[in-house]
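The values are calculated or read from the model by the stated rules, or taken from the named source; none is laboratory data. Remember, it's a predicted structure, so these values are computed and weren't measured experimentally. No Cβ is skipped: glycine too gets one built from the backbone with ideal geometry, and neighbour counts run over all protein chains shown.
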């Protein structure tokens, strides 16, 4: 039986400018991340979100807090289509 991957965390921001600033700061700090379309299950807004792995969540929080970029919401992927909203 193979290992299961750590859960993914999706960060949703208030707008494209904030997403791009967050991406820049996370990349600069070496936090592995990926820009993704906002999952429809989370919001009907079209736009971009940032996906990180759960083990990188604390570092991402520190980096974004220092840059004063706070996500509108944070969600952990429980399975292929279910998310749980969690505090930043």
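Can you tell me how many residues within the stretch 35-64 are out of contact with any strand residue (DSSP E or B) (no Cβ under 7 Å at 6 or more places or on another chain) and on the phi < 0 side of the Ramachandran plot?
Total satisfying the criteria: 12.
Residue by residue through the stretch 21-47, note down the ones that are part of a helix (DSSP H, G or I) and either modelled with pLDDT under 95 or surrounded by 15 or more Cβ atoms within 10 Å (Cβ to Cβ) (or both).
21, 22, 23, 25, 26 - these are the residues of the stretch 21-47 that are part of a helix (DSSP H, G or I) and either modelled with pLDDT under 95 or surrounded by 15 or more Cβ atoms within 10 Å (Cβ to Cβ) (or both).
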Worksheet item: For the stretch 65-75, does any single residue satisfy the condition of being assigned to a loop (DSSP other than H, G, I, E, B) and in contact with a strand residue (DSSP E or B) (Cβ under 7 Å, 6 or more places away or on another chain)?
Response: yes
Worksheet item: Regarding residue 52, is this residue in contact (Cβ under 8 Å) with a residue 12 or more places away in the chain, in contact with a helix residue (DSSP H, G or I) (Cβ under 6 Å, 6 or more places away or on another chain) and assigned to a strand (DSSP E or B)?
Response: yes
Worksheet item: Which of (1) in a strand (DSSP E or B); (2) surrounded by 15 or more Cβ atoms within 10 Å (Cβ to Cβ) is the odd one out, the single condition residue 85 does not satisfy?
Response: (2)
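Only residues that are more than 12 Å from the chain's Cα centre (by Cα) and touching a residue at least 40 places away in the same chain (Cβ under 8 Å): list them for the stretch 70-81, please. Quick ask: steps written out before the conclusion?
The initial filter retains those residues of the stretch 70-81 that are more than 12 Å from the chain's Cα centre (by Cα), namely 78-81.
Of everything in the stretch 70-81, those that are more than 12 Å from the chain's Cα centre (by Cα) and touching a residue at least 40 places away in the same chain (Cβ under 8 Å) turn out to be 78, 81.
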